[in-house]
Amino acid sequence: MRTVFAVTVAAASLLLATLPPAASASSTARPYCNEKHPPKNRYYYKHKNHWDCVGEHLTCSKEQRGAYGYSMNHAPHSRKLRCVFWTDAYRWKPVRTS
């Protein structure tokens, strides 16, 4: 019985060793959010009528108040955020869809 268990454990460890690593949160981030954009040399930037590469729950600048943006940690345009006043400051919060 012990040898069957040992063989099973050895086979499972070999199988797990050959699997690729799980995708991390940073791998889902958009590549263009990892570089600074002109003219103000920031990671987030304004694109037409919304902001791209903003961080969820991070503070917003004055020019972003009330605006919509998209998260840097999700697939492109899949996580919509809005800059709203929250407790003590303006922050990016998820938009609730019904």
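The values are calculated or read from the model by the stated rules, or taken from the named source; none is laboratory data. Keep in mind the model is a prediction, meaning the values are calculated, not measured. Neighbour counts are summed over all protein chains in view; Cβ atoms, including those assigned to glycine, are modelled from backbone coordinates with ideal geometry.
Restricting attention to segment 66-79, does a residue exist that is at pLDDT below 85, exposed (fewer than 13 other Cβ atoms within 10 Å of the Cβ), touching a helix residue (DSSP H, G or I) at 6+ places or on another chain (Cβ under 8 Å) and not in a helix (DSSP H, G or I)? Within segment 66-79, one or more residues are at pLDDT below 85, exposed (fewer than 13 other Cβ atoms within 10 Å of the Cβ), touching a helix residue (DSSP H, G or I) at 6+ places or on another chain (Cβ under 8 Å) and not in a helix (DSSP H, G or I).
Among the residues of this structure, V54 does not count as one that is over 22 Å from Y32 (Cα atoms) and not aromatic (F, W, Y).
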